[in-house]
Amino acid sequence: MTIKEYLSQAYRIDQRINSKLEQVRSLRELAEKATSTLSDTPCSGNGNKQKIESVIVKIIDLEHEIDEEIDRLVDLKQEIVSLIKHVKNPEYQTLLELRYLCFRTWEQIAVEMHYELRYLHKLHRRALEICSEIQLASRHIYEK
């Protein structure tokens, strides 16, 4: 895995969390519709109750998955913060934090840092090289 892939993992986990949150919202709306249908109709059996129970179980399962993904995201962000702290150049640190912890677009970062995109990409390449060296050096320390 390249350093860029490693750093980009947080964004992907964040996207999965948001997707699952949207699924939970959708299931909650479905459960509310089924509940209102139940209260408006005379007792017609257990079919609707079982559907609601099924939806509630799916919501609970998704919420557990979301909790696990959030734990993974927090742990990964802590690792990324630790890596970025070892980068000595404050410009590189800011760039890496904005991109891989705040999930800003290149355009947003360029505006915030007052750089042209081309120069920003050049800084990014250098920052990634330094991160890669730091990561490689830390592996050698742990292997000894």
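Nothing in this text is a laboratory measurement; each read-out follows from the coordinates by a stated rule. Remember, predicted model here, so these are calculated numbers, not experimental data. Cβ: placed from backbone, ideal geometry, glycine included. Neighbour counts: every protein chain shown.
Can you tell me which residue within the range 1-27, out of those that are assigned to a helix (DSSP H, G or I) and hydrophobic (A, V, I, L, M, F, W, C), is surrounded by the most Cβ atoms within 10 Å (Cβ to Cβ)?
Step by step, filter the range 1-27, then rank; the result is L7.
In the range 110-121, is there at least one residue being touching a Leu at 6+ places or on another chain (Cβ under 7 Å) and closer than 13 Å to K4 by Cα?
no
Looking only at the range 60-87, which residues are more than 17 Å from K122 (Cα to Cα) and not in a helix (DSSP H, G or I)?
Residue satisfying the conditions is H86 alone.
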